[in-house]
Amino acid sequence: MSIKWSADKAAAAGLVFLWLGLNACRQQMADQPRYEPLQKSEFFDDQRAARPLVEGTVARGQLRDDDHLFEGVVDGKPADTFPFPIDKQVVLRGQERFNIFCAPCHDRVGTGHGMIVRRGFRAPPSFHIDRLRQTEAGRIFQHITKGVGVMPDYAQQIPAEDRWAIIAYIRALQFSQNARLSDVPEGERPALERKP
């Protein structure tokens, strides 16, 4: 009988040790210390629990390492080319964005007589003067991005791709206001020569 009692006692003791061991592991992993946002911490010298980002940290998808696309420069100079191919869809997107963000000051054809100007705001220059027709696309991109004169910056409101689309539309406006009949394909000229 003493043999049976010892086996039961050993089994019970084994279960107790197993239960204590499992609870000890669970407690350490489940009850880890943590800080609430903006909580004071005695661990760090500055007593802030929230740690600053490591210098040079870039959010995923925000590297912006293409200077042509995001800065408007090539080899340190304002780019005179576009960072991606321009097609009809890009120009139509540029027209839409231009009418939303630019037309209030520059008006819909870029002459600088928008509704805000009619209400007393200082008039921007026309896009159709020689100086602006010859300005590099990258410089216009920088003006939209950082602002110039009384024009505010639009970097937060307009993504880089849309800023380039706006510039493509501005170039189309400039061409349309200064086009000659010889610029029109010969097959299209008779429609323009007809009197209404």
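Using the structure shown, decide if ARG119 is farther than 23 Å from MET151 by Cα and of a type outside the set (S, T, N, Q). Even if it seems obvious, please write down each step before you answer.
On the way: farther than 23 Å from MET151 by Cα: no; of a type outside the set (S, T, N, Q): yes.
No.
Being part of a helix (DSSP H, G or I), under 39 Å from the mean Cα position of the chain (by Cα) and not small (Gly, Ala, Ser) is the filter here; which residues of the range 168-188 pass it?
Of the range 168-188, the ones part of a helix (DSSP H, G or I) are 168-177, 181-183, 186-188.
Subset that is under 39 Å from the mean Cα position of the chain (by Cα): 168-177, 183.
Result: TYR169, ILE170, ARG171, LEU173, GLN174, PHE175, GLN177, ASP183.
Touching a Gly at 6+ places or on another chain (Cβ under 9 Å), within 15 Å of GLU71 (Cα to Cα), at pLDDT 95 or above and surrounded by 13 or more Cβ atoms within 10 Å (Cβ to Cβ), is that true of GLU136?
Working: touching a Gly at 6+ places or on another chain (Cβ under 9 Å): yes; within 15 Å of GLU71 (Cα to Cα): yes; at pLDDT 95 or above: yes; surrounded by 13 or more Cβ atoms within 10 Å (Cβ to Cβ): yes.
Yes.
Within the range 81-98, can you find the residues that are in a loop (DSSP other than H, G, I, E, B) and surrounded by fewer than 16 Cβ atoms within 10 Å (Cβ to Cβ)? Steps first, answer last, please.
The first filter runs over the range 81-98 and keeps only residues in a loop (DSSP other than H, G, I, E, B), leaving 81-87.
Within the range 81-98, THR81, PHE84, PRO85, ASP87 meet the criteria.
Go through the range 52-80 and report how many residues are over 16 Å from the mean Cα position of the chain (by Cα) and either surrounded by 10 or more Cβ atoms within 10 Å (Cβ to Cβ) or of a type in the set (A, V, I, L, M) (or both). Write out each step before concluding.
The first filter runs over the range 52-80 and keeps only residues over 16 Å from the mean Cα position of the chain (by Cα), leaving 52-57, 73-80.
If we keep only those that are either surrounded by 10 or more Cβ atoms within 10 Å (Cβ to Cβ) or of a type in the set (A, V, I, L, M) (or both) as well, we get 53-54, 73-74, 77-80.
Count: 8.
Just to be sure, is GLN157 closer than 24 Å to PHE84 by Cβ, part of a loop (DSSP other than H, G, I, E, B) and touching a residue at least 12 places away in the same chain (Cβ under 8 Å)?
Values: closer than 24 Å to PHE84 by Cβ: yes; part of a loop (DSSP other than H, G, I, E, B): yes; touching a residue at least 12 places away in the same chain (Cβ under 8 Å): yes.
The answer is yes for GLN157.
The values are calculated or read from the model by the stated rules, or taken from the named source; none is laboratory data. These figures come from a predicted structure and were not determined experimentally. Don't worry about glycine lacking a Cβ; one is built from the backbone with ideal geometry, like all the others, and counts go over all protein chains shown.
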